[in-house]
Amino acid sequence: MADSISSPHPSLGSLLHEIEATPPEYWTDLLDTLRQFRQNIPSATLPIVNAEQAQKNQAAIDLLNSWLDDNEDAAEHQQTWDFLKTALDEDRLSDRPLFP
């Protein structure tokens, strides 16, 4: 048992041996402790970022930001919306308007 404690990386076998040596009525507590311990371990892995995908993402972000920065007035937006509603309601198979 001293080998598994002094070893910097205990084997899965030694961990399983300790679990098997623990009475089953304590397994729930052991599992809770293990989960709590695992949640407190800092993540050592950094997300893998594909440079090409990051560039595409940034281009999409820039496009969305440019749309937000548009200084068109509300009247122009309302005029465009009215035109689109009329165009979409024309030649419908139903007599009901798409946008009442």
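The values are calculated or read from the model by the stated rules, or taken from the named source; none is laboratory data. Predicted, not measured: the structure shown is a model, and the values here were computed from it. Glycine also receives a Cβ, built like all others from the backbone with ideal geometry; neighbour counts cover every protein chain displayed.
Miscellaneous remarks
- Residue 59 vs. criteria at pLDDT 90 or above and assigned to a helix (DSSP H, G or I): yes
Residue by residue, here is whether (1) surrounded by fewer than 11 Cβ atoms within 10 Å (Cβ to Cβ); (2) assigned to a loop (DSSP other than H, G, I, E, B); (3) modelled with pLDDT of 85 or more; (4) among the charged types (D, E, K, R) holds:
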{"position": "63", "(1), (2), (3), (4)": "yes, no, yes, no"}
{"position": "88", "(1), (2), (3), (4)": "no, no, yes, no"}
{"position": "95", "(1), (2), (3), (4)": "yes, yes, no, yes"}
{"position": "99", "(1), (2), (3), (4)": "yes, yes, no, no"}
